[in-house]
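To start, the structure under review is shown below, and the notes come after it.
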Amino acid sequence: MRIRDDRAQEEPEINLVPLIDVILVLIIFFVITTTFDARSMLQLQLPSAAGEPVAAQVKALSVLVNADGRYFVDEHEVLRPDIDALKQTLQQVAGSDRNRPVLLRADARTPHQAVVTALDALGQLGFRKVNIATAPEAQK
């Protein structure tokens with residue numbers, strides 16, 4: 001009597017379920033660890049000052065100057081560091097509203113010339129309500 005071995009005839013197959021599980025876990029990990037806030041990319045270290053914060057009634061136009069002297073108007077980046085490019089971006093974002101308050105947020109490590117250029121551009125365009133953002137003084 002001959003005994004048959006059925007194992008030799010079976011086709012090997014790859015089970016994809018564990019692979020799919022691993023890929024889903026990786027996707028979930030990357031989605032959770034990714035931040036979607038644009039401001040998290042800009043690490044500003046504001047200069048400190050004593051004083052009370054002012055409550056704004058109207059949404060202020062935000063002008064950011066990072067440590068490298070690059071400008072950002074609201075969510076728009078100014079591509080060139082010269083005053084004409086900054087003025088053009090300010091006109092596009094603000095439109096004709098020159099009574100809108102402006103909040104100038106400059107990094108404490110920003111070159112002084114970059115802040116003066118931003119103030120000069122705002123003054124040439126007719127903005128008169130310019131506030132400079134600072135961080136509260138550290139308690140001693």
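PRO101 - would you say it is more than 15 Å from ASN66 (Cα to Cα) and in contact with a Ser or Thr (Cβ under 7 Å, 6 or more places away or on another chain)? Step through it out loud before you land on a result.
Details: more than 15 Å from ASN66 (Cα to Cα): yes; in contact with a Ser or Thr (Cβ under 7 Å, 6 or more places away or on another chain): no.
Here the answer is no, as PRO101 does not meet what is asked.
Just to verify a result, which residue in the range 9-49, among those that are part of a loop (DSSP other than H, G, I, E, B) and over 30 Å from PRO111 (Cα atoms), is modelled with the lowest pLDDT? The extreme case among them is GLU10.
For the range 119-135, a tally of residues being under 25 Å from the mean Cα position of the chain (by Cα) and under 12 Å from GLN91 (Cα atoms) returns 3.
Quickly run through the range 91-135 and pick out the residues that are among the hydroxyl-bearing types (Ser, Thr, Tyr), assigned to a loop (DSSP other than H, G, I, E, B) and surrounded by 13 or more Cβ atoms within 10 Å (Cβ to Cβ). It would help to see each step written out before you state the result.
Residues of the range 91-135 that are among the hydroxyl-bearing types (Ser, Thr, Tyr), as a first pass: 96, 110, 117, 134.
Filter again for assigned to a loop (DSSP other than H, G, I, E, B), leaving 96, 110, 134.
The answer is THR110, THR134.
Look at PHE72 and say whether it is surrounded by 12 or more Cβ atoms within 10 Å (Cβ to Cβ), at pLDDT 85 or above and assigned to a loop (DSSP other than H, G, I, E, B). Walk me through it before giving the result.
Details: surrounded by 12 or more Cβ atoms within 10 Å (Cβ to Cβ): yes; at pLDDT 85 or above: yes; assigned to a loop (DSSP other than H, G, I, E, B): no.
It is false that PHE72 is surrounded by 12 or more Cβ atoms within 10 Å (Cβ to Cβ), at pLDDT 85 or above and assigned to a loop (DSSP other than H, G, I, E, B).
The values are calculated or read from the model by the stated rules, or taken from the named source; none is laboratory data. What you see is a predicted model; the values in this text were computed from it and never measured. All Cβ positions, glycine included, derive from the backbone under ideal geometry; neighbour counts span all protein chains shown.
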